[in-house]
1. Out of all the residues in segment 118-145, which are open to solvent by 20 Å² or more (accessible area, probe 1.4 Å) and either within 15 Å of the ligand (Cβ to nearest atom) or in contact (Cβ under 8 Å) with a residue 60 or more places away in the chain (or both)?
2. Do you know which of the residues in segment 15-30 that are crowded, with 24+ Cβ neighbours inside 10 Å and not in a loop (DSSP other than H, G, I, E, B) is farthest from the ligand (Cβ to nearest atom)?
3. Return yes or no: is L185 under 19 Å from the mean Cα position of the chain (by Cα), within 11 Å of the ligand (Cβ to nearest atom), surrounded by 24 or more Cβ atoms within 10 Å (Cβ to Cβ) and among the aliphatic types (A, V, I, L, M)?
4. If we keep just the residues of segment 340-355 that are modelled with pLDDT under 85 and at negative phi, which is farthest from the ligand (Cβ to nearest atom)?
5. Take the conditions crowded, with 19+ Cβ neighbours inside 10 Å and assigned to a helix (DSSP H, G or I) and apply them to A180. Does it pass?
6. How about segment 96-121: which of its residues are out of contact with any strand residue (DSSP E or B) (no Cβ under 9 Å at 6 or more places or on another chain) and closer than 26 Å to L360 by Cα?
7. Do you know which residues across segment 317-339 are assigned to a loop (DSSP other than H, G, I, E, B) and either within 16 Å of the ligand (Cβ to nearest atom) or over 26 Å from the mean Cα position of the chain (by Cα) (or both)?
8. Which condition does L227 not pass, out of (1) closer than 19 Å to G124 by Cα; (2) hydrophobic (A, V, I, L, M, F, W, C); (3) out of contact with any Lys or Arg (no Cβ under 9 Å at 6 or more places or on another chain); (4) part of a helix (DSSP H, G or I), if it passes all the others?
Amino acid sequence: MSTVAPTGLSLGSLHVGTPVVLAPMAGITNAAYRRLCLEQTRAQGGDGVFVCEMITSRGLVEGDEHTRDMLVFDELETTRSVQLYGTDPVYVGKAAEILCAEYGVAHIDLNFGCPVPKVTRKGGGGALPWKRGLLAEILTAAVAAATPYDVPVTMKTRKGLDDDHLTYLDAGRIAQETGAAAIALHGRTVAQSYSGVADWEAIARLVEHVDIPVLGNGDIWEAADALRMVEQTGAAGVVVGRGCLGRPWLFRDLAAAFAGDEVATLPALGEVRDVMRRHAELLCRHMGEERGCKELRKHVSWYLKGFAAGGTLRRALALVTTLAELDVLLAELDPDEPFPAAELGTPRGRQGSPRARIALPEGWLDDTDGTGARLREDAGEPTGG
Ligand SMILES: Cc1cc2nc3c(=O)[nH]c(=O)nc-3n(C[C@H](O)[C@H](O)[C@H](O)COP(=O)(O)O)c2cc1C
């Protein structure tokens, strides 16, 4: 187990200078948000992998308009990274080929962690690794399609279905055997959804179990947590999700931390306002003003978490329709209000409660292979991880 924090991250032939991955988050990690985080990282001289929202293999292969719309990249993104969802090796292979040939991606991640019942009920996301044979088939198809382009394929998963049906160690072995460049582990089971605390010991066990890089995921709220995770687990890098919601400057702190510096960005409300404005501007640039402003709305409460900004202003911001209106509202914020230090190190974003029962296809647990199974995959699965 390493005690020295890694200074970079290699996924196959792809190398980035900071061992930090922006977690794929449906509805969040679009081109605008990825650029916003990238700008923060670069401001600190850092780098990383910034993963696009999950897209479905079938949607991509069948030319679904919504899927294609999501595959937009910012000109600052020199390393295009996309997460694919899929349950059918043929579709996943074709989708991987399209991503490499038509979209010039530099990294493909496969989603085997989604806990959403609509997905697991069909055997997808976090349910799929239970079928070891099918998992191997899907990974093999993606790796075969991406290898001619020298594009690394990784997988992202959870510990298992629940504590009695763990899959992550087998998944790690299968990822390694099929040529995946790394495996990311969110230290929760599907049954836990986002509740409880991420199990970093499982990440350490996976590191011991495989030779490919393991990326640790779950409950990194501050840069210090990221350092602690790699120290405790030996992970090659970290995947950061909810901790950066309304706090894209976390990537600045992470870049500093992995470079051996200590930077804790504590923006006063005036600086938070400027970041919100920048976020809105990027969203509008990529999506047009109407959709961009609509997208920004969901971020308002995260940006203002812990600040004193009043309910009327918050509600108005959560209904904003134009940049001009946004400017008027942002001007009402007190720029000198200091960052609410009590928010540091605390969970943000969805937490939810554990599920008593996981939705699975009939007889799913009866065998652990699934080779040759062709599960029905919709073009537009609900997204999530
Ligand atoms: C709003 C939201 C959307 C998510 N969407 C995805 C997704 O599409 N694919 C995926 O693998 N994980 C998804 N996740 C899970 C995250 O990538 C990550 O694994 C999880 O949030 C745990 O990391 P964290 O504690 O740093 O947030 C999503 C999480 C959130 C909060």
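The values are calculated or read from the model by the stated rules, or taken from the named source; none is laboratory data. Here the structure is a predicted model, which means the values were calculated and not measured. All Cβ positions, glycine included, derive from the backbone under ideal geometry; neighbour counts span all protein chains shown. Ligands, DNA and RNA are excluded from the accessible area calculation, which covers all protein heavy atoms including side chains. Shrake-Rupley method; radii C 1.70, N 1.55, O 1.52, S 1.80 Å.
1. K118, R121, K122, W130, R132, A136, E137
2. Top of the filtered list is V20.
3. Yes.
4. Filtering segment 340-355 for residues that are modelled with pLDDT under 85 and at negative phi, the one farthest from the ligand (Cβ to nearest atom) comes out as Q351.
5. No.
6. Start the filter on segment 96-121 by keeping residues that are out of contact with any strand residue (DSSP E or B) (no Cβ under 9 Å at 6 or more places or on another chain), which leaves 97-98, 101-102, 104, 116-118, 120-121.
Of everything in segment 96-121, those that are out of contact with any strand residue (DSSP E or B) (no Cβ under 9 Å at 6 or more places or on another chain) and closer than 26 Å to L360 by Cα turn out to be V116, P117, K118, T120, R121.
7. L319, V320, T321, T322, A331, E332, L333, D334, P335, D336, E337, P338 - these are the residues of segment 317-339 that are assigned to a loop (DSSP other than H, G, I, E, B) and either within 16 Å of the ligand (Cβ to nearest atom) or over 26 Å from the mean Cα position of the chain (by Cα) (or both).
8. Condition (1) is where L227 drops out.
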